[in-house]
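A short worksheet on the structure shown next.
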Amino acid sequence: MRRKLAALLVVGLVAVAGCAGGSGPAADGNTTTGDPIYETSLDADTVTEAHIDALGDAGSYTIESEGTQTMAGQNQTVETSGEINGDMASDAVFSRTEGVQQTVELYAAGDGTAFRTFIAGDRTRYQNVSGQAGNATQYARTTVQSFVGLFDFSYEGTEDVDGETVHVYGAEGGAAVNTSSRAFGQLNESNIDAATATLRVRDDGVVTTAGYNLTVSFQGQTQSVNTTQRFTAIGDTDVAEPDWLSDAQSNTSA
């Protein structure tokens, strides 16, 4: 049972691994009636491809992510935050993930050459991950495609986010959780104490927010996962080589 609990905790933060915290744009809290950009049930491929096409037109993006996992009764809370900067033209990507024990940064050029650095206190380690790290398009695609299939979303209308209209899709309750998905395959509805999820989509197809709160129980043990990802700085993100790249090229482990 502990193995199942640990697995779910990892799943809850899969979306934010390699990604970073930030407040992101704020909704006005008022949902109004509107014509949906997509009919429900949402098709993950349709939503994802429109998202990728719109980001391609814009040229670049930033994903700001934050996640919290809590084990009730054990005073155990783990917070993870990160940021991904992607250039859709070159496919270069830079990511930074901050955890309790270390900070991990990754830079991957569009040709697949990639290096990762691990920073823990005053110790720094480099790793050559060329051909394994993915690129800007893949990060943007996976972030959305993996999320859409986790819940049975309903259309809730439109909101104003910093002067921009977004379409809001929401899910609530155990019945809305897709327990046949790979991520939640160890769950059934009776394990789910509470669940909410939100997806916000611009008129051009860019998914601006994807997040969920999930609380589950196994044999008297309760855990909660809260994760949010936001696509920001659309068309205004610069993906530059990090200062540590030359050191990594000279000092790497396979």
Within segment 195-224, track down each residue that is free of Cβ contacts under 8 Å to residues at least 40 places away in the same chain and open to solvent by 50 Å² or more (accessible area, probe 1.4 Å). 196, 213, 220
Only one of 104, 100, 78 is on the phi < 0 side of the Ramachandran plot, buried (at least 16 other Cβ atoms within 10 Å of the Cβ) and not small (Gly, Ala, Ser). Can you tell me which? 104
Qualifying positions in segment 195-246 - in contact with a Phe, Trp or Tyr (Cβ under 7 Å, 6 or more places away or on another chain) and over 26 Å from residue 169 (Cα atoms): 237, 239, 241, 242, 245
Being among the polar types (S, T, N, Q) and assigned to a loop (DSSP other than H, G, I, E, B) is the filter; apply it to segment 208-254 and report the residue that is nearest to residue 82 (Cα to Cα). 237
Go through segment 129-156 residue by residue and tally those that are in contact (Cβ under 8 Å) with a residue 60 or more places away in the chain and assigned to a helix (DSSP H, G or I). 11
For the condition small (Gly, Ala, Ser) and within 16 Å of residue 52 (Cα to Cα), what is the one hit in 233, 197, 175? 233
When segment 140-157 is examined, which residues are found to be at pLDDT 95 or above and among the hydroxyl-bearing types (Ser, Thr, Tyr)? 154, 155
So which residues in segment 47-69 are touching a helix residue (DSSP H, G or I) at 6+ places or on another chain (Cβ under 9 Å) and of a type outside the set (A, V, I, L, M, F, W, C)? 48, 49, 51, 56, 60, 61, 65, 67, 68, 69
Pairs only if they're at least six apart or on different chains, beta carbon under 6 angstrom, first in segment 165-187 and of a type in the set (D, E, K, R), second modelled with pLDDT of 95 or more and open to solvent by 10 Å² or more (accessible area, probe 1.4 Å); list them, first residue then second. 172/196
Would you mind telling me which numbered condition in (1) closer than 23 Å to residue 233 by Cα; (2) open to solvent by less than 60 Å² (accessible area, probe 1.4 Å); (3) β-branched (Val, Ile, Thr) residue 165 fails? (2)
Residue pairs qualifying under the 8 Å Cβ cut-off, at least six apart or on distinct chains, with the first in segment 88-108 being without any contact (Cβ under 8 Å) to a residue 40 or more places away in the chain and closer than 19 Å to residue 121 by Cα and the second being of a type outside the set (A, V, I, L, M, F, W, C) and open to solvent by 20 Å² or more (accessible area, probe 1.4 Å), are 99/80; 100/79; 103/96; 103/97
Regarding residue 179, is this residue part of a strand (DSSP E or B) and of a type in the set (Ser, Thr, Tyr)? no
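The values are calculated or read from the model by the stated rules, or taken from the named source; none is laboratory data. Please read all numbers here as calculations on a predicted model, not as lab measurements. Please note: Cβ atoms are built from the backbone with ideal geometry, for glycine as well, and neighbour counts cover all protein chains shown. Areas reflect the complete protein model, heavy atoms only, side chains present, ligands, DNA and RNA absent. Shrake-Rupley method; radii C 1.70, N 1.55, O 1.52, S 1.80 Å.
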